[in-house]
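What follows draws every value from the coordinates through simple rules; no lab data is involved. No experiment lies behind these values; they were computed from the predicted model shown. Note: ideal-geometry Cβ built from the backbone for every residue, glycine included; neighbour counts use all protein chains shown.
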Amino acid sequence: MTSPLHSTSSGVVTPRIVNADNHGKPVIVVHNLHKTYWLGQTPVHALRGISLEVSRGEFVAVMGPSGSGKSTFMNLIGCLDRPTQGDYWLDGKLVSRMSTQGLAIARNRLIGFVFQGFNLLSRASAMHNVELPMIYGGLTKEMRERRARQALQLVGLGARMDHLPSQLSGGQQQRVAIARSLVNSPSLLLADEPTGNLDSRTSIEVMAILQALNQQGLTIVLVTHEPDIAEYTSRRVTFRDGRLLRDEPVLNPRDAQAEWVALTPPDSVKTSKASKERNNSHASH
Ligand code: ADP
């Protein structure tokens, strides 16, 4: 069977990559969050009092029309900016009052980012791209390579570690970006329109990876304007005019893995099986 998410050669996915500790505890708590931008003398109220909690292990879609405050909200929970008013606890730490340097540390240690445009270095191999976030972590080259290999295997790219981004499909490039986001074992994965540049089949492939990681305990918050994509998550939060309009469970989430298998032509099933075997034999050396 073809699977976009492969475990390691032992069949066990190591918890060091997917941070699933403290399942059920809140990873995000925001209380009465406001953000006001100033255009000259004119205030722009981008967020007008957002309060919500995201428990560890949730998969949340953030939706809403353009200008509703989604990016502002993601910038705040991604520790890229500070609120004008209100508090934000990330993994139990009050990050809304941290200094710029404190925010940068929290961001690097606790959050993995996945972007619409993949943001890979075009001249670096998949392996090197995934190693990058660990460069400043004080790990030896050998440890970095081991973790990068593990993360790439986890997203089904064990056989393509030496490929440049240009030698990979869009879905595979996004998988490299997902692997890169995981190597520091983040408490939270923030994905900003991760399928925005992908066709619908490839979007399902990427959603299958995210669903599988979430099933292993990874907390994911994903911004999307596509209602179809939100159907693969388990909770839909809708913004309007800087306020929370709706916060509702996705009652019967779609199964991206099953849909992806159904869409995959039989010859790529064979190729995928062969690459999985290659993958496993590499990993066992
Ligand atoms: P969305 O991501 O849902 O499209 P945004 O968070 O980007 O919404 O924007 C919310 C509101 O804040 C919009 O009215 C937008 O024009 C305004 N805004 C966003 N960023 C800035 C900024 N840096 N300076 C001024 N206004 C901004």
Considering S122, S66, S71, which residue is touching a residue at least 40 places away in the same chain (Cβ under 8 Å), within 13 Å of the ligand (Cβ to nearest atom) and assigned to a loop (DSSP other than H, G, I, E, B)?
S66
Please go through segment 45-63 and give me each residue that is away from the ligand (no atom under 16 Å from the Cβ) and over 16 Å from the mean Cα position of the chain (by Cα), ordered by number.
S51, E53
V261 within 22 Å of I77 (Cβ to Cβ) and in contact with a helix residue (DSSP H, G or I) (Cβ under 9 Å, 6 or more places away or on another chain)
no
Can you tell me how many residues within segment 213-258 are within 16 Å of the ligand (Cβ to nearest atom), crowded, with 18+ Cβ neighbours inside 10 Å and among the basic types (K, R)?
1
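From the list A159, A104, exactly one residue is touching a helix residue (DSSP H, G or I) at 6+ places or on another chain (Cβ under 7 Å) and assigned to a helix (DSSP H, G or I). Which is it? Break it down stepwise before answering.
Details: A104 fails: touching a helix residue (DSSP H, G or I) at 6+ places or on another chain (Cβ under 7 Å).
Going through A159, A104 in turn, the sole match is A159.
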It is to be established whether one or more residues within segment 175-187 are closer than 14 Å to G117 by Cα, touching a helix residue (DSSP H, G or I) at 6+ places or on another chain (Cβ under 8 Å), part of a strand (DSSP E or B) and not hydrophobic (A, V, I, L, M, F, W, C).
no
